[in-house]
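Down below is the structure, laid out as structure tokens.
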Amino acid sequence: MSLLSLLLLSLLAACNQQQDNLPTIGFVDAFEDNTLARAKEGFLTALKDGGFSEEAGTLHLIYRNAQGDIPTLTQIVKYFISQQVTLIATNPSISTITALQNTDAIPVFMMVSPTPELMKLDGPDGKGPANLFGVGEELAYIDTSFSLIPKLVKPKGEKLRVGLLFNQSEPQSVEAYNRLAQLAENMGVDLVARPVNATADVQLVAAALLNEGIDAFFANPDNTVFGSFETIVKACNEAGVPIFTSEAGLVARGAVAAFGADMYQWGYQAGVQAVQFLKNGSTEGLHWEMVKVRKRVYNPEVAARFGIEVPEGDEEVN
């Protein structure tokens, strides 16, 4: 199909959306990721449960995935704005930040994103952007996740050594690293951390980190780790190093255990809020919320591979 034909189809679609007066949602994923997909699924299910879906003819959905490319992500957001979407759904934090950098008028409903403060989005008044809604997460929960490691892993040497990668360009990643560095010191654990700013560098940096004789790896909550997690899992499995994380969605992808937000429920919670906006036609009374559903999960197959006995009460993931 020619470029001209595609442009004409886009214009026709935009005209149809304006004529039928149905709400239009622009949903943007920053990259392809199984963990993020669960949040998207939850969001769209919440919309459907609230009476808004393309299948029922009550909603227009424009979905785009930036495939990890920041200029593309910006173009997607600007396209949503040009289409005068009713709201923008963002997944994860880099999508949220990009949307808010480009519009202060269209409501932005975030998921798999930290608090506005952690994203450095708070203004001089200490408040986040007026058009920011959806669901965010704080860092306190990673203490519980990290504290699982000394209970389940025996050190090879005198002190337990835990490896970590963090993205220097992501504020929440740096904040998480600083918090874990202090926590590790208080627990008598050696935290061996290395910066990495692009998924293309992860394989090399992870290999260097594993040569440091670490006993376990902690998957920091940032977009670089999310986007290259399979690379990290492969390297750690080959080195015999178990992975722990604060992101429940990463357990199904190869981590041993986690205490963190349920990604599906995270998206669903954001979707419920979006439904309220769509039904009322107003954001009055709405504000961004903290994640409500967290759980401790483990991967039985991975735990068995490393000879780790998980405490009773943890939920299995397959």
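Summary of computed values
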{"read-out": "Which listed residue, of VAL302, VAL310, VAL225, VAL256, is of a type in the set (A, V, I, L, M, F, W, C), out of contact with any Lys or Arg (no Cβ under 7 Å at 6 or more places or on another chain), closer than 26 Å to THR115 by Cβ and surrounded by 15 or more Cβ atoms within 10 Å (Cβ to Cβ)", "value": "VAL225"}
{"read-out": "Residues satisfying the stated conditions in region 270-294, i.e. touching a strand residue (DSSP E or B) at 6+ places or on another chain (Cβ under 6 Å) and more than 16 Å from THR45 (Cβ to Cβ)", "value": "LEU286, TRP288, GLU289, VAL291, ARG294"}
{"read-out": "Boolean, PRO129 is farther than 23 Å from ALA46 by Cα and not aromatic (Phe, Trp, Tyr)", "value": "yes"}
{"read-out": "Breaking point among (1) buried (at least 16 other Cβ atoms within 10 Å of the Cβ); (2) not in a helix (DSSP H, G or I), for GLY213", "value": "(1)"}
{"read-out": "So GLY267, is it in a strand (DSSP E or B) and within 18 Å of PHE226 (Cβ to Cβ)", "value": "no"}
{"read-out": "Which listed residue, of PHE166, PHE146, PHE133, is touching a residue at least 12 places away in the same chain (Cβ under 8 Å), aromatic (Phe, Trp, Tyr) and over 30 Å from VAL302 (Cα atoms)", "value": "PHE133"}
{"read-out": "Test result for ALA37, touching a helix residue (DSSP H, G or I) at 6+ places or on another chain (Cβ under 9 Å), free of Cβ contacts under 8 Å to residues at least 24 places away in the same chain, closer than 22 Å to PRO221 by Cβ and not charged (D, E, K, R)", "value": "yes"}
{"read-out": "Selected residue [at pLDDT 95 or above and assigned to a helix (DSSP H, G or I)] from ALA200, ALA184", "value": "ALA184"}
{"read-out": "Number of the condition not met by GLN168 [criteria: (1) in the same structural domain as GLU284 (by TED's automatic domain parsing); (2) under 19 Å from the mean Cα position of the chain (by Cα)]", "value": "(1)"}
{"read-out": "LEU191 being crowded, with 17+ Cβ neighbours inside 10 Å, over 21 Å from the mean Cα position of the chain (by Cα) and either at pLDDT 95 or above or part of a helix (DSSP H, G or I) (or both)", "value": "yes"}
{"read-out": "Region 232-249, subset part of a helix (DSSP H, G or I) and modelled with pLDDT of 95 or more, residue farthest from ASP33 (Cα to Cα)", "value": "ALA239"}
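Okay, residues lined up against (1) over 30 Å from ILE25 (Cβ atoms); (2) aliphatic (A, V, I, L, M); (3) assigned to a helix (DSSP H, G or I):
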position	(1), (2), (3)
GLU284	no, no, no
ARG296	yes, no, no
ALA304	yes, yes, yes
VAL310	yes, yes, no
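The values are calculated or read from the model by the stated rules, or taken from the named source; none is laboratory data. Keep in mind the model is a prediction, meaning the values are calculated, not measured. No Cβ is skipped: glycine too gets one built from the backbone with ideal geometry, and neighbour counts run over all protein chains shown.
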